[in-house]
Amino acid sequence: MRREYDNSAREAQAAHTRRRIVDAARQVVVRNGYVATTMVAIAKEARVSRETVYKAFRSKPELIKRVYDVGLVGDEDPIPLRDRPAYRAMVEDPTAEGKLRRYAAIVREIYHRLGPLLGVLLIAARSGEPELLGFLEQTDRESLQGARHVAELVAATGGLRPDLDRGRAADTIWALRSPEMHYLLTAVRGWPGPEYERWLAAALIAALLEAPRST
């Protein structure tokens, strides 16, 4: 009887190699900047051949997007952010204020995981680096989609300010949680992570929710 070929070991090795390449790419980009980073340098850091890097990732922008995505959720598992426990807890929180405080904690953790990588990529992208224009458009789009979802969740509780529609609420969330704002407060002004999280939660609550009526 013919036995089926078991390629699980090969798949595991390929996954391990991809992780090494992703880790190496992050280190090289943070150290050298995006423009000075080459696939050859990444291959050297990962201790694999240039051909192996291109086999795993077709281009430098594709590889850097993968580095960003891993930093966004924290691991290689193909589980979207919305299906992660912290996000599910935010969705299930019964109050608008509770949702926004949980969201601020999620945003802080994302920026903590991405670390200096995000600043390096933003500087290159905002300066017009052609290879990163698609990356910038996609991450901006994904960020706005996330802000719209949070705005919908807050609106569903009935706590959204009556003079603020869901579109403007989403824009407000998107602006307040923007990486540029995070960079200014933490990198330029030196705020620690917990202080940034408290500020973001308070800013979101003040901007989006109806103030309680005085008795």
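The values are calculated or read from the model by the stated rules, or taken from the named source; none is laboratory data. Keep in mind that what you see is a predicted model, and the values were worked out from it rather than measured. Reconstructed Cβ throughout: ideal geometry from the backbone, glycine too, with neighbour counts over all protein chains shown. Areas reflect the complete protein model, heavy atoms only, side chains present, ligands, DNA and RNA absent. Shrake-Rupley method; radii C 1.70, N 1.55, O 1.52, S 1.80 Å.
Take residue 164 and tell me if it is aliphatic (A, V, I, L, M) and either assigned to a helix (DSSP H, G or I) or surrounded by fewer than 13 Cβ atoms within 10 Å (Cβ to Cβ) (or both). For residue 164, the condition - aliphatic (A, V, I, L, M) and either assigned to a helix (DSSP H, G or I) or surrounded by fewer than 13 Cβ atoms within 10 Å (Cβ to Cβ) (or both) - is not met.
Residue 73 versus (1) touching a Pro at 6+ places or on another chain (Cβ under 8 Å); (2) β-branched (Val, Ile, Thr); (3) in contact (Cβ under 8 Å) with a residue 60 or more places away in the chain; (4) open to solvent by less than 50 Å² (accessible area, probe 1.4 Å): which is the lone unmet condition? Answer for residue 73: the failing condition is (3).
Could you check region 17-75 for helices (runs of 4 or more DSSP H) lying wholly inside it with 1 or more residues that are more than 23 Å from the chain's Cα centre (by Cα)? Passing ranges, in order: 39-46, 50-56.
Residue by residue, here is whether (1) over 18 Å from the mean Cα position of the chain (by Cα); (2) touching a residue at least 24 places away in the same chain (Cβ under 8 Å) holds:
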position: 173; (1), (2): no, yes
position: 177; (1), (2): no, yes
position: 181; (1), (2): no, no
position: 189; (1), (2): yes, no
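Restricted to region 26-40, and to residues there that are under 14 Å from residue 67 (Cβ atoms) and among the hydrophobic types (A, V, I, L, M, F, W, C), the residue that is surrounded by the most Cβ atoms within 10 Å (Cβ to Cβ) is 29. Identify all residues within region 40-70 that are in contact (Cβ under 8 Å) with a residue 24 or more places away in the chain and in contact with a Leu (Cβ under 9 Å, 6 or more places away or on another chain); write none if there are none. Selection gives 53, 56, 57, 61, 64, 67, 68. Residue 18 meets the conditions (1) touching a helix residue (DSSP H, G or I) at 6+ places or on another chain (Cβ under 8 Å); (2) open to solvent by 50 Å² or more (accessible area, probe 1.4 Å); (3) under 25 Å from residue 179 (Cβ atoms) in every case but one. The failed one is (3).
Quick grid of which residues meet (1) buried (at least 16 other Cβ atoms within 10 Å of the Cβ); (2) assigned to a helix (DSSP H, G or I); (3) β-branched (Val, Ile, Thr); (4) at pLDDT below 95:
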site: 170; (1), (2), (3), (4): yes, yes, no, no
site: 184; (1), (2), (3), (4): no, yes, no, yes
site: 191; (1), (2), (3), (4): yes, no, no, no
site: 203; (1), (2), (3), (4): yes, yes, no, no
site: 214; (1), (2), (3), (4): no, no, no, yes
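The residues of region 124-146 that are part of a helix (DSSP H, G or I) and of a type in the set (Gly, Ala, Ser), listed by number, are 124, 125, 134, 143, 146. For the criterion of being touching a residue at least 60 places away in the same chain (Cβ under 8 Å) and not hydroxyl-bearing (Ser, Thr, Tyr), residue 167 fails.
Within region 89-108, the set of residues being of a type in the set (A, V, I, L, M), under 18 Å from residue 72 (Cα atoms), in contact (Cβ under 8 Å) with a residue 60 or more places away in the chain and open to solvent by 20 Å² or more (accessible area, probe 1.4 Å) comprises just one member, 105. Output yes when any residue across region 125-142 is in contact with a Phe, Trp or Tyr (Cβ under 8 Å, 6 or more places away or on another chain), buried (at least 19 other Cβ atoms within 10 Å of the Cβ) and at pLDDT 95 or above, and no when none is. Looking through region 125-142, none of the residues is in contact with a Phe, Trp or Tyr (Cβ under 8 Å, 6 or more places away or on another chain), buried (at least 19 other Cβ atoms within 10 Å of the Cβ) and at pLDDT 95 or above. Under the condition of being of a type in the set (A, V, I, L, M) and open to solvent by 10 Å² or more (accessible area, probe 1.4 Å), the residues counted in region 109-120 number 2. Restricting region 91-108 to residues that are touching a Gly at 6+ places or on another chain (Cβ under 8 Å) and not β-branched (Val, Ile, Thr), the residue that is farthest from residue 196 (Cα to Cα) is 96.
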